[in-house]
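The block underneath contains the structure these notes are about, expressed in structure tokens.
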2 protein chains.
Amino acid sequence: MGKKVIIVGGVAGGASTAARLRRMSEDTEIIMLEKGEYISFANCGLPYHIGEVIEKREELLVQTPEAMKARFNIDVRIMHEALDIDRKEKNLKIKNLETGNIYTESYDKLVLSPGADPIKPPLPGLDIEEVYTLRNIRDMDLIKEYIDNNEIKHAVVVGGGFIGLEMLENLHQRGLKVSLLELTDQVMRTLDKEMVSMVHNHMRTKGVDLNLSDGIAAVEKENGKKFALLQSGKRIETDLIILSIGVKPKTELAEKAGLDIGVSGGIKVNQYLQTSDPNIYAIGDAIEVKDFVINEPSRIPLAGPANKQGRIAANNITGRKEKYNGTQGTSIAKIFDIIPASTGAAEKKLKENDFNYQVVHITSNNHASYYPGALPMMLKLIYQKKDGRILGAQIVGFAGVDKRIDVLSTAIRHQMNIFDLQELELAYSPPFGSAKDPVNMLGFAAGNIYNGLVKPAFWQELDELDNEEIILLDIRENIELELGQIPNSIHIPLNSLRDRLDELDKDKEYITYCAVGLRGYIAARILMQNGFNKVRNLSGGYKLYKAVMD
Amino acid sequence: MGKKVIIVGGVAGGASTAARLRRMSEDTEIIMLEKGEYISFANCGLPYHIGEVIEKREELLVQTPEAMKARFNIDVRIMHEALDIDRKEKNLKIKNLETGNIYTESYDKLVLSPGADPIKPPLPGLDIEEVYTLRNIRDMDLIKEYIDNNEIKHAVVVGGGFIGLEMLENLHQRGLKVSLLELTDQVMRTLDKEMVSMVHNHMRTKGVDLNLSDGIAAVEKENGKKFALLQSGKRIETDLIILSIGVKPKTELAEKAGLDIGVSGGIKVNQYLQTSDPNIYAIGDAIEVKDFVINEPSRIPLAGPANKQGRIAANNITGRKEKYNGTQGTSIAKIFDIIPASTGAAEKKLKENDFNYQVVHITSNNHASYYPGALPMMLKLIYQKKDGRILGAQIVGFAGVDKRIDVLSTAIRHQMNIFDLQELELAYSPPFGSAKDPVNMLGFAAGNIYNGLVKPAFWQELDELDNEEIILLDIRENIELELGQIPNSIHIPLNSLRDRLDELDKDKEYITYCAVGLRGYIAARILMQNGFNKVRNLSGGYKLYKAVMD
Ligand SMILES: Cc1cc2nc3c(=O)[nH]c(=O)nc-3n(C[C@H](O)[C@H](O)[C@H](O)COP(=O)(O)OP(=O)(O)OC[C@H]3O[C@@H](n4cnc5c(N)ncnc54)[C@H](O)[C@@H]3O)c2cc1C
Ligand SMILES: Cc1cc2nc3c(=O)[nH]c(=O)nc-3n(C[C@H](O)[C@H](O)[C@H](O)COP(=O)(O)OP(=O)(O)OC[C@H]3O[C@@H](n4cnc5c(N)ncnc54)[C@H](O)[C@@H]3O)c2cc1C
Ligand SMILES: CC(C)(COP(=O)(O)OP(=O)(O)OC[C@H]1O[C@@H](n2cnc3c(N)ncnc32)[C@H](O)[C@@H]1OP(=O)(O)O)[C@@H](O)C(=O)NCCC(=O)NCCS
Ligand SMILES: CC(C)(COP(=O)(O)OP(=O)(O)OC[C@H]1O[C@@H](n2cnc3c(N)ncnc32)[C@H](O)[C@@H]1OP(=O)(O)O)[C@@H](O)C(=O)NCCC(=O)NCCS
């Protein structure tokens, strides 16, 4: 007889473990416990069924217990909750939630993939019916039914993470006016503020009532009307409130059993995904992982890692030793027409962790500009100053963002540096890219900074610039001035710069700028080679500056 | 005073060299010679202007001589042909094609980026007006004018490389019926035959008259009618013939100057892109490069490499030593709705070069199946048997192909192996990908073969199978049989396989198959763990088999 493995949790991590386990071993007894009614559902699709983008609810049910039985011979027990682990006896106490019956089941190996719970802060009024969180099919059904069956016009989404933003888009899609509350000064914390400023502006143009640096304080009901009360004192009348302010790893079972919990609050595991008890593995949203770039314990609740960890746990259980090497947090979202994506560490995180890094911003089109439909994207790359190793990348654009973030995440995973990006031979024909892909271009621009060919200046400095000492040199064409200008700039178009150098003062410091940074770089090179010693080029150009200011 | 650099050729390689040179050095004298009327045009866009997809001709003119002068202070001389190099005197003989005037110009460094000429075989009748090739703006103008000004209904495109196929699509777009002639048994030779069979079928459904394994023998004119005469004897009446059977590197100038020519016929250069004369650099379509995977001299005429080589040549000339590390031939095309792409070496090439390789095929959707608009793509990965190093990848699909080929080309560039693919953390949300991206999935499927968890069988074997000894086991659902079946299969649906094992004979060899290979793999695992010792899974499944047979 083979081993007996019990898996707690039947969705992303759990079901992946079960399937791989069976493929590795026909004679393992596999029991999968799921306290909810459904297994193997597409958590990530939930917002889109509420928005009726995914029309059929059953599309979200990737596997059923019957199918898992038929194909993988898995003993799936839905509505069964794991209550307690007896590690000494290698027993699990289980409650059948339908009958109330409690029984124990022995195991050789146990896999915990219990996921995480949406955080619901203890604030006044949050317990009323119209305040929802979204984690599973049941949550989705409740929200959708409420929208379907009530004449509602307005929703408040609390939390600007990717789930909050996807909910926002889908509620908007259902015709609701939406207010977003976000406690920090930006949405999508895996990107830096200047990058998401484009997302903020895009949401505003779509009619979203964006409340940054403001959180929920209470929910009030008055004469049948509902109000969200904000920390700032603002009061928003609404019909529906979605809380998406993050998740808390489900660690009760592990804690009760005395398993180690990490500093980040997730279940602690070693590289083989074993908890402090080698017979118990843990995976998914419930665990603490190593941040691949920062190299610190972290919690990064994403579906890709959960699925991969499940496969690795199954391999380890069946004797094919395999390490999980950490999570870099690659993520992407579609918010109306705009697409923010990131991989690796954000600048703010690198700063907190005292990395010595350098930032570069560029703007490139998703494909050849001369081919119809070309759309710009802004890319940010962060690399380690000493060796050019790539630490993080962020992109905001409209098409082709996913491709570049995936190439960059591959680069980070393989410890590539900025010069490696220059060499990448990416597919080019006019509908798909450019002879120099945006990723190559990032490598070029970063390489130039690394090699001292140009020095960057950043939008953060412009606010408190001493305009006597540091001169902003706008080198755009005359016609571009109509788009606005950074205050106190002087203007010499790039193409006449060589002829007008004598209008400038070699003892002063110059910050050149154009629309996105490319021509500003050329201008900087001209100045630097003509006796100007203090020249920098504005990273991201006027476009980035304007996006932040708007 | 700085150096004096002359660049021969003013388009992809030449203009890139000039621009980078100027950014590196303000005081270099830079002369760029171009024998045609235009510099810096988008060669790759030419077919799309003929097809009126790119409406405005001027979109293709990326730079003008005036703009290159104004921005980069380049002395651009169009209609000037470089005639002869005097290497000893470091002089170049130049002809002004407008005036007929011939003069010499000295140089410190010379850069050759003369490109390549379309091949025009010496066959009867090919010199008539209605036979065109496409390389530059003038060629494009001639073809477009001919179509615009004549009532034409039919075109013959000779050659199924990517330029031929793009022309085919664009002529079709103009309402022409098109016949394609291709001498070999497949289009797009950088992919293998089974992969392009889907492209063949797609073209046929679009009404293309596809003539494989058949070439042009002659062009005949009779009573004002034109005919393409094929090698097979077939005769096609037509109005227009486009020859796109490949290009010949322009090596005259180099040859006359006694510079080394490589075995592949391109100008020979070292890793710094210097010819056998260290003062003369050569780049672009005219040179011989190292095939990055096969590690042999090769010619790979693509825009990305030409542009990058130009930048590297400029760096080397200005003292920043940089190597060009070879070309892997990443390429992509859009042909009607289908997108074939490849990177690294094709199987046929690896076979010719005696590599010990393994192939794997999978089919995956471009994004989560439950999100609207998911479309399948077929992926082929070829890796080195001994160490799993990735040697080549090919994809045919409808969306998301470019993303995966770019990730795979990055993997090849960095000598990654199949297990590295498993770990990649690629961006997932429903509109963009899956928790296990197709690239991860390739890694999983390849890893299973590498580890001996499953053995693949291939479509090539099926033709001459001894059905007594080797049994084809179709494990699809009953309803799927309506799509057709491989002859002489037996059928047991996967979900009842465990219960029906006694119907099978453990002494026989089995090839399992499903639609794409995933369930066939699960079936193979079940058999292998139940005492069946000779089991293989059909790579690519019924879908690939059918595509090849159609
Ligand atoms: C709305 C939404 C959108 C998302 N979108 C994305 C996205 O676009 N991209 C992305 O990468 N990730 C996304 N995620 C995150 C992703 O779904 C999770 O990272 C992933 O599901 C984690 O897998 P898991 O197995 O750890 O947890 P889950 O998939 O949540 O599975 C845990 C299961 O365990 C069960 N369980 C818990 N305790 C017990 C117990 N004691 N006994 C029995 N059963 C128990 C729970 O009921 C639950 O069903 C999204 C999540 C949500 C909620
Ligand atoms: C129709 C078409 C579509 C293409 N599509 C793609 C694609 O989608 N993707 C891709 O990667 N590549 C594509 N290519 C290939 C790409 O355009 C070439 O690889 C690239 O242009 C090569 O650059 P080059 O500088 O070597 O040559 P070119 O760009 O051709 O430039 C060479 C120039 O040198 C000039 N010249 C030659 N001899 C002399 C002389 N003696 N004196 C003065 N001037 C001289 C020529 O007139 C020519 O203008 C396409 C090419 C064509 C023709
Ligand atoms: C449905 C579910 C159980 C599937 O698990 P799975 O069987 O491991 O995954 P897949 O169906 O994608 O199949 C992958 C397997 O097929 C193999 N495979 C795929 N295509 C193949 C092909 N053409 N030929 C051979 N093998 C192939 C892979 O190698 C892999 O097998 P391995 O892990 O043994 O190497 C699990 O993914 C799940 O529950 N998903 C829904 C929940 C979820 O993930 N939510 C979060 C995201 S919304
Ligand atoms: C037009 C042409 C002359 C441009 O050459 P180029 O100036 O080197 O290229 P780009 O305009 O793309 O600019 C790239 C430069 O801008 C820099 N850059 C780009 N964005 C930047 C930003 N935001 N900030 C700072 N620098 C930036 C890059 O680092 C690079 O400079 P570098 O090479 O000195 O490192 C040349 O590409 C050409 O002739 N193209 C048409 C012909 C052709 O390629 N045909 C085949 C394809 S259809």
Identify all residues within segment A:452-478 that are open to solvent by 70 Å² or more (accessible area, probe 1.4 Å) and either more than 13 Å from A:Ala523 (Cα to Cα) or within 16 Å of ligand 2 (Cβ to nearest atom) (or both); write none if there are none. A:Gln460, A:Asp463, A:Glu464, A:Asp466, A:Glu468, A:Glu469, A:Asn478
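Quick one: count up the residues across segment B:379-390 that are in contact with an Asp or Glu (Cβ under 9 Å, 6 or more places away or on another chain), in contact (Cβ under 8 Å) with a residue 40 or more places away in the chain and of a type outside the set (Gly, Ala, Ser). Quick ask: steps written out before the conclusion?
Keep residues of segment B:379-390 that are in contact with an Asp or Glu (Cβ under 9 Å, 6 or more places away or on another chain), which gives B:380, B:382, B:388, B:390.
Narrowing the set further to residues that are in contact (Cβ under 8 Å) with a residue 40 or more places away in the chain leaves B:380, B:388, B:390.
Filter again for of a type outside the set (Gly, Ala, Ser), leaving B:380, B:390.
Residues that pass the stated criteria total 2.
I'd like the residue in segment B:435-458 that is assigned to a loop (DSSP other than H, G, I, E, B) and more than 10 Å from ligand 1 (Cβ to nearest atom) and, out of all such residues, is nearest to B:Gly400 (Cα to Cα). Can you show your working first?
First, pick out the residues of segment B:435-458 that are assigned to a loop (DSSP other than H, G, I, E, B): B:435-437, B:451-455, B:458.
Still in the list and also more than 10 Å from ligand 1 (Cβ to nearest atom): B:436-437, B:451-455, B:458.
Values: B:Lys436: 14, B:Asp437: 11, B:Asn451: 29, B:Gly452: 30, B:Leu453: 29, B:Val454: 28, B:Lys455: 28, B:Phe458: 26 Å.
Per the criteria, the residue is B:Asp437.
Could we say that B:Leu483 is open to solvent by less than 40 Å² (accessible area, probe 1.4 Å), of a type in the set (A, V, I, L, M, F, W, C) and away from ligand 4 (no atom under 16 Å from the Cβ) here?
Values: open to solvent by less than 40 Å² (accessible area, probe 1.4 Å): no; of a type in the set (A, V, I, L, M, F, W, C): yes; away from ligand 4 (no atom under 16 Å from the Cβ): yes.
Answer is no for this residue.
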When only residues in segment A:36-57 that are more than 9 Å from chain B (Cβ to nearest Cβ) and more than 12 Å from ligand 1 (Cβ to nearest atom) count, which is farthest from the chain's Cα centre (by Cα)? A:Arg57
Hits in segment B:29-56 - residues which are open to solvent by 10 Å² or more (accessible area, probe 1.4 Å) and in contact (Cβ under 8 Å) with a residue 40 or more places away in the chain: B:Glu29, B:Glu34, B:Lys35, B:Gly36, B:Glu37, B:Tyr38, B:Phe41, B:Asn43, B:Cys44, B:His49, B:Glu52, B:Val53
Within the bounds of segment B:91-112, is there any residue that is surrounded by fewer than 18 Cβ atoms within 10 Å (Cβ to Cβ) and at pLDDT below 95? no
What's the total number of residues in segment A:242-265 that are open to solvent by less than 20 Å² (accessible area, probe 1.4 Å), more than 28 Å from A:Ile147 (Cβ to Cβ) and in a strand (DSSP E or B)? 1
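With respect to A:Ala427, determine if the residue is facing chain B (nearest Cβ under 9 Å), crowded, with 18+ Cβ neighbours inside 10 Å and out of contact with any Cys (no Cβ under 7 Å at 6 or more places or on another chain). Full working, then the answer.
Numbers: facing chain B (nearest Cβ under 9 Å): yes; crowded, with 18+ Cβ neighbours inside 10 Å: yes; out of contact with any Cys (no Cβ under 7 Å at 6 or more places or on another chain): yes.
For A:Ala427, the condition - facing chain B (nearest Cβ under 9 Å), crowded, with 18+ Cβ neighbours inside 10 Å and out of contact with any Cys (no Cβ under 7 Å at 6 or more places or on another chain) - is met.
Are any of the residues in segment B:350-369 more than 30 Å from A:Gly51 (Cβ to Cβ), within 11 Å of chain A (Cβ to nearest Cβ) and without any contact (Cβ under 8 Å) to a residue 40 or more places away in the chain?
From segment B:350-369, those more than 30 Å from A:Gly51 (Cβ to Cβ) are B:350-362; that's our starting set.
In the following step, the residues that additionally are within 11 Å of chain A (Cβ to nearest Cβ) were identified as none.
No, segment B:350-369 has no match at all.
Looking at B:Ile338, B:Ile382, can you tell me which residue is on the phi < 0 side of the Ramachandran plot, within 13 Å of chain A (Cβ to nearest Cβ) and open to solvent by less than 10 Å² (accessible area, probe 1.4 Å)? Even if it seems obvious, please write down each step before you answer.
Working: B:Ile382 fails: within 13 Å of chain A (Cβ to nearest Cβ).
The unique qualifying residue is B:Ile338.
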Could you check, for segment A:489-509, whether at least one of its residues is closer than 29 Å to A:Leu212 by Cβ and either open to solvent by less than 50 Å² (accessible area, probe 1.4 Å) or more than 16 Å from ligand 2 (Cβ to nearest atom) (or both)? yes
Filter result for the condition that a residue is within 14 Å of chain A (Cβ to nearest Cβ) and farther than 30 Å from A:Pro47 by Cβ, over B:Leu497, B:Leu462, B:Leu481, B:Leu442: B:Leu497
Checked segment A:430-451 for anything closer than 16 Å to B:Ala306 by Cα and open to solvent by less than 10 Å² (accessible area, probe 1.4 Å); matches are A:Pro430, A:Gly433, A:Asp437, A:Asn440
Qualifying residue in segment B:301-318 (condition: away from ligand 2 (no atom under 16 Å from the Cβ), modelled with pLDDT of 95 or more and within 11 Å of chain A (Cβ to nearest Cβ)): yes
Could you check segment A:241-259 and list, in sequence order, the residues that are over 28 Å from A:Leu181 (Cβ atoms) and in contact with an Asp or Glu (Cβ under 9 Å, 6 or more places away or on another chain)? A:Leu253, A:Ala254, A:Lys256, A:Ala257, A:Gly258, A:Leu259
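Okay, residues lined up against (1) within 14 Å of chain B (Cβ to nearest Cβ); (2) away from ligand 3 (no atom under 16 Å from the Cβ); (3) among the polar types (S, T, N, Q); (4) out of contact with any helix residue (DSSP H, G or I) (no Cβ under 6 Å at 6 or more places or on another chain):
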{"position": "A:Thr99", "(1), (2), (3), (4)": "no, yes, yes, yes"}
{"position": "A:Ile128", "(1), (2), (3), (4)": "no, yes, no, yes"}
{"position": "A:Ile143", "(1), (2), (3), (4)": "no, yes, no, no"}
{"position": "A:Ile152", "(1), (2), (3), (4)": "no, yes, no, yes"}
{"position": "A:His172", "(1), (2), (3), (4)": "no, yes, no, yes"}
{"position": "A:Lys193", "(1), (2), (3), (4)": "no, yes, no, yes"}
{"position": "A:Val196", "(1), (2), (3), (4)": "no, yes, no, yes"}
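For segment B:58-75, how many residues meet the condition of being within 7 Å of another protein chain (Cβ to nearest Cβ) and open to solvent by 30 Å² or more (accessible area, probe 1.4 Å)?
Selection size over segment B:58-75: 4.
For B:Asp406, are the conditions met, namely being within 16 Å of ligand 1 (Cβ to nearest atom), within 11 Å of chain A (Cβ to nearest Cβ), open to solvent by less than 10 Å² (accessible area, probe 1.4 Å) and modelled with pLDDT of 95 or more?
Values: within 16 Å of ligand 1 (Cβ to nearest atom): no; within 11 Å of chain A (Cβ to nearest Cβ): yes; open to solvent by less than 10 Å² (accessible area, probe 1.4 Å): yes; modelled with pLDDT of 95 or more: yes.
Judged against the criteria, B:Asp406 is not a match.
If you check B:Val157 against the conditions, is it away from ligand 4 (no atom under 16 Å from the Cβ), under 18 Å from the mean Cα position of the chain (by Cα) and closer than 17 Å to B:Val247 by Cα?
Details: away from ligand 4 (no atom under 16 Å from the Cβ): yes; under 18 Å from the mean Cα position of the chain (by Cα): yes; closer than 17 Å to B:Val247 by Cα: yes.
Yes; evaluated as a whole, the condition is true for this residue.
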Which of the residues that make up segment A:270-311 are open to solvent by less than 20 Å² (accessible area, probe 1.4 Å), hydroxyl-bearing (Ser, Thr, Tyr) and touching a helix residue (DSSP H, G or I) at 6+ places or on another chain (Cβ under 6 Å)? A:Tyr281
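The values are calculated or read from the model by the stated rules, or taken from the named source; none is laboratory data. Just so we're clear, the structure is a prediction, and the values are computed from it rather than from any experiment. Cβ: placed from backbone, ideal geometry, glycine included. Neighbour counts: every protein chain shown. Heavy atoms of the whole protein, side chains included, go into the accessibility calculation; ligands, DNA and RNA do not. Shrake-Rupley method; radii C 1.70, N 1.55, O 1.52, S 1.80 Å.
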